[in-house]
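Notes follow once the structure below has been shown.
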Amino acid sequence: MSEENNENNERIEKFYFQSEAAEVLKMMINSVYSNRDIFLRELISNASDALDKRRIETLKDTSLAENKYPEIKIFTNRDANTISISDNGIGMSRDEIIKFLGTIAKSGTKEFLNAVKNAKENNSGEQNLIGQFGVGFYSVFMAADKVEVLTRKLGSQDTYLFTSSGDGSFTIQDALLRPECGTTVTLYLKNDENINSDEKIERKDYFSEWVIRDIVSKYSDFIAYPIVLNVTRTEDGKKITKDELLNSQKAIWQRPENEISDEDYNEFYKHLTHDWHDPLIRIRINAEGSTNFKGLLFIPSEAPIELVMNPDSGGISLYINRVFIMNDCKSIIPTYLRFIRGVIDSEDLPLNISREILQDEPIVRIIRRSTQRKIFNELKKLLENDREKYIKFWNSFGRILKEGILQDRDNAQNILDIAIFRTTNSNEWTTIDEYKTRMDTRQKGVYCLTGRDNLDALKASPKLEPYTQRNLEVLLMTDPIDEVILSEAEFIFTKDENSKLLNITLNSVSPVSDDEQKDNEHKLEAFKEKFEPLKKIALEILKDQLEDVTPTLGLTDSPACIKDPFAGMSFQFERLMRSAGQDAPLQKRILELNVNHPIVKNLLTLAQNPEESRSKINDTLHILYDQALILEGVLLPDPAAFVKRIDALMSKNMGE
Ligand code: ADP
């Protein structure tokens, strides 16, 4: 920051834009994006937000003056080559100007900049990207080469003037007191001679009333505050200038569905969420009966990072009788539906309702229940009718939705009914009901395997071998939360006996029929005597890691596999606990050895004379155990020892 005084001896401070902001700015200035009009949409949207914020502040603090005439004014001046967008909303303090206009706080900005850079290098669709990114205030630099923001914060006596030519810096200076709080953004439009000669786009005349009317009706008709424009009319032979209303101010969710185009809905969604993509799914609610309310809900097409990570994010905008009451209202929607955006408008709630009492309001509970029901129904319809779109939804929000299985027992079954999973059967996704149609009649439940994020690694798990061998399908679950769901499954699901989710990681779950079991026991009996010495040694060598060592006929290709003792904690669960900062002591597990595998057969022979082959048995068992851990996706506790043993084996193999 540097400071100097102007000719009137007023203090002017100079600042530099944060580097990401400067990059976006540069892009805007050089942009040849053809849809310049969006600057007006963005500024009107900001003005409308500022009016909402002022309303809320004055409700909270009655010493602040109520805003009886909230308004957004557009003022064009052909002679000065300027357009101003003015609101009497909350305004900004000096620090807020620096924070809000000098930086870009949006998540995804870095990714966006990279995407634009790549598109530029490949000569593909850079403009298109810019159009999709909600650049907000900075979009003014697509149309202007200088911008001034005059602002006074609600409750303050100070007015500031922000000025920038988008060249990496901006200035802030004290200004004459604005009569009312609020913000005026003035654009000095680019002159023709400043336009890049390569530019092929059609330039609109923003001084034409009809151009402005057209843009406002396209993007901002639903804005709840009046948007007015100064127009010149000839009345009684005299030219007069007056303000004329441009928007219908009709709440989009109150209008008949057939009157509204997809584009209208999408524009509304973008205004509401500041998302730059179209929404994936739209849900309209029209509840009539003992409680009347209307809703317009959206599911975004991509999950913003903060939504996934932060259970406190998200929420619905609450309106009472078309009057905006609050943003991010959490009481209407459970946290596991926090990806839903939109508006609920109730006729039955008192206007002075506060966040605190909202939760206990019986009407809110009714709204919440019926909104939830509607969302589940719509998702179910989508699942049945448009699988491709549903998968897109599931990839973004399935993890969050599944939290509901644990949080909301009343709806656990509803959520599970619309959950989709990967499977060993095919590369498609499947529901549990679909799985059941393919189930073997002898199955005692739905077989599930949980594991790491990586599906291919999970598919290679030796635990699947006894199932694939018998042509039995197993659901593959890669989300950490699946582990918790499975551990609670028997308390949650009551639908029918066959729908029980069985975690095949548990020692107690097996695909083997009772007859087969008897047969196996009989066969294993023959190994019993031979197996005992190996088991004894293995339990000595791996005494801290193992609770038991058992022979198995279930594995086909793998020599060994680790099972969890009944009700034990799986590796995934352990990982989950640790990542949640909880103490998870290492569990002792069961090592199953495939008695048909050549390595195990050799071990069985060596174990007959353990003294002679102690170090060989020791190394082999360690390697088998470590390999089984690797296949479980577990980081080896002592990778150096594993590598050393493998190196020794390789050297021997090469005859050294
Ligand atoms: P976004 O609106 O998506 O947050 P913008 O770049 O458009 O991003 O605006 C950044 C911030 O500047 C806004 O979040 C708001 O806090 C502030 N701001 C912008 N315009 C106004 C305005 N007219 N009145 C008050 N604050 C504003």
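The values are calculated or read from the model by the stated rules, or taken from the named source; none is laboratory data. Please read all numbers here as calculations on a predicted model, not as lab measurements. Methodologically, a virtual Cβ is constructed for each residue, glycine included, from the backbone with ideal geometry; neighbour enumeration extends over all protein chains shown. Note: accessible area is taken over every heavy atom of the protein model, side chains too, but ligands, DNA and RNA are not part of it. Shrake-Rupley method; radii C 1.70, N 1.55, O 1.52, S 1.80 Å.
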>> Students often forget the sequence filter, so: which lysines lie under 29 Å Cα-Cα from residue 242 once same-chain residues fewer than 8 apart are removed?
In response: 53, 68, 73, 146, 153, 190, 204, 218, 250
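Mind ranking 516-528, 474-486 by how tightly packed they are, going by the mean number of other C-beta atoms within 10 angstrom, highest first?
Details: 516-528: 12.4, 474-486: 21.3.
The most tightly packed comes first, giving 474-486, 516-528.
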>> How much length would be gained if the chain were fully extended between residue 514 and residue 80, taking 0.36 nm per residue of separation minus their Cα-Cα distance, in nm to one decimal?
In response: 147.2 nm
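Taking the DSSP beta bridges in the stretch 507-656 as the whole, what percent of them are antiparallel, to the nearest 5? All intermediate terms of the calculation are to be shown ahead of the outcome.
Numbers: 4 of 10 bridges.
Of the beta bridges lying entirely in the stretch 507-656, close to 40 percent run antiparallel.
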> So what's the angle, to the nearest 10 degrees on a 0 to 90 scale, between helix 610-631 and the longest Cα principal axis of the chain?
Replying inline: 30
>> For the pair residue 232/residue 630, report the inter-label distance in nm, with labels modelled 7 Å from Cα in the Cβ direction.
In response: 8.1
> Over the stretch 201-350, what relative contact order in percent results from Cα pairs under 8 Å that are six or more residues apart?
Replying inline: 16
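Is the shape of the stretch 344-383 best called rounded, prolate or oblate, per the rule: a/c under 1.5 gives rounded, else a/b larger than b/c gives prolate, else oblate, with a ≥ b ≥ c the square roots of the Cα gyration tensor eigenvalues?
On the way: a/c = 3.45, a/b = 2.70, b/c = 1.28.
Prolate, because a/c is 1.5 or more and a/b exceeds b/c.
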> On a 0 to 90 degree scale, rounded to 10, what angle separates helix 480-492 from the longest Cα axis of the chain?
Replying inline: 70
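Remind me, relative contact order of the chain in percent, using alpha carbon pairs under 8 angstrom and six or more residues apart? Each step should come with its number before you reach the end.
Values: 1044 pairs, mean separation 52.6, N = 656.
Worked out over the chain, it gives 8 percent.
Subtract the Cα-Cα distance of residue 641 and residue 550 from 0.36 nm times their separation in residues, and report this length gain in nm to one decimal.
Numbers: separation 91, 0.36 × 91 = 32.76 nm, distance 2.47 nm.
Length gained between residue 641 and residue 550: 30.3 nm.
Taking 30 Å as R0, compute the FRET efficiency from the Cβ-Cβ separation of residue 115 and residue 257 and round it to 0.05. Can you show the working numbers first?
Values: r = 35 Å, r/R0 = 1.16.
Given R0 = 30 Å and the Cβ-Cβ separation, E is 0.30.
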> Just the accessible area per residue of the stretch 195-300, please: how many Å² with a 1.4 Å probe?
Replying inline: 51
>> Which three numbers, in whole Å and largest first, are the semi-axes of the equivalent ellipsoid of the chain derived from its Cα gyration tensor as √(5λ)?
In response: 64, 30, 22
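What trypsin sites (Lys or Arg not before Pro) in the stretch 546-623 are in a loop by DSSP, with at most 15 other Cβ atoms within 10 Å of the Cβ? Could the numbers behind the result be given before it?
Values: sites: 563, 575, 578, 588, 589, 601, 614, 616; in loops: 588.
Sparse-neighbourhood loop trypsin sites (Lys or Arg not before Pro): 588.
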> Three principal axis extents, largest first, for the C-alpha atoms of the stretch 441-576, in Å?
Replying inline: 45, 35, 28
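Which FRET efficiency, nearest 0.05, do residue 60 and residue 249 yield, Cβ-Cβ r, R0 30 Å? Write down the numbers at each step before the final one.
Details: r = 25 Å, r/R0 = 0.82.
For residue 60 and residue 249, the calculated efficiency is 0.75.
To check you understand DSSP bridge types, tell me what percent of the beta bridges within the stretch 226-381 (both residues inside) are antiparallel, rounded to 5.
Working: 25 of 29 bridges.
Of all bridge pairs located within the stretch 226-381, approximately 85 percent are antiparallel.
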> Using Cα atoms only, what is the angle between the long axis of helix 19-29 and the major principal axis of the chain, expressed in degrees (0 to 90) to the nearest 10?
Replying inline: 60
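To the nearest 0.05, how large is the calculated FRET efficiency for residue 582 and residue 5 if R₀ is 45 Å and r is the Cβ-Cβ distance?
Numbers: r = 59 Å, r/R0 = 1.32.
So the FRET efficiency works out to roughly 0.15.
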> Could you state the principal axis extents of the C-alpha atoms in the stretch 245-375, from the largest down, to the nearest angstrom?
Replying inline: 39, 36, 28
> What is the Cα coordinate range of the stretch 154-304 on the first, second and third principal axes, sorted by size from largest, in whole angstrom?
Replying inline: 56, 50, 46
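Looking only at the chain, where both bridge partners belong to it, what percent of the DSSP beta bridges are antiparallel (to the nearest 5)?
On the way: 73 of 93 bridges.
Approximately 80 percent, going by the DSSP bridge assignments.
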>> Through the Karplus equation 6.51 cos²θ - 1.76 cosθ + 1.60, θ set to phi - 60°, convert the phi angles of the stretch 278-292 into ³J(HN,Hα) values in whole Hz; use x for Gly and Pro.
In response: 5, x, 7, 9, 10, 10, 9, 10, 9, 8, 10, x, 5, 10, 9
> Taking all protein chains as present, what is the carbon and sulfur share of the accessible area of the chain, in % to the nearest whole number, probe 1.4 Å?
Replying inline: 47
> Just how many pairs of Lys in the stretch 519-656 have C-alpha atoms closer than 19 Å, counting pairs that are eight or more places apart or on different chains?
Replying inline: 23
> Using θ = phi - 60° and the Karplus form 6.51 cos²θ - 1.76 cosθ + 1.60, what ³J(HN,Hα) does each residue of the stretch 157-163 get, whole Hz, x for Gly and Pro?
Replying inline: 9, 9, 10, 10, 10, 9, 10
> Can you list residues whose amide H is under 5 Å from residue 423's amide H, if they're 5+ apart or on another chain and H is modeled 1.01 Å from N?
Replying inline: 476
>> Heavy atoms of the protein only, probe of 1.4 Å, neighbouring chains included. What is the accessible area of residue 397 in Å², nearest 10?
In response: 0
>> Given Cα positions, please report Rg to Rh for the stretch 301-429, the hydrodynamic radius being the Kirkwood one.
In response: 1.01
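Taking a quarter of the surface of the convex hull around the Cα atoms of the stretch 397-514, what do you get in nm²?
On the way: hull surface 28.1 nm².
Hull-based average projected area comes out at 7.0 nm².
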> DSSP loop GluC sites (Glu not before Pro) in the stretch 376-448 with at most 14 other Cβ atoms within 10 Å of their Cβ, which ones?
Replying inline: 428
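Can you work out the accessible area per residue across the stretch 357-480, with the rest of the protein chains kept in place, probe 1.4 Å, in square angstrom? If you can, show how the numbers build up before the last one.
Working: 5830 Å² over 124 residues.
Solvent-accessible surface per residue comes out at 47 Å².
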> Tell me, what is the percent relative contact order of the stretch 161-284, built from C-alpha pairs under 8 Å that lie six or more residues apart?
Replying inline: 15
> Under a 1.4 Å probe, what is the accessible area of the stretch 496-644 per residue, stated in Å²?
Replying inline: 54
> Once fully extended, how much extra length lies between residue 369 and residue 174, figured as 0.36 nm per residue of separation less the alpha-carbon to alpha-carbon distance?
Replying inline: 65.0 nm
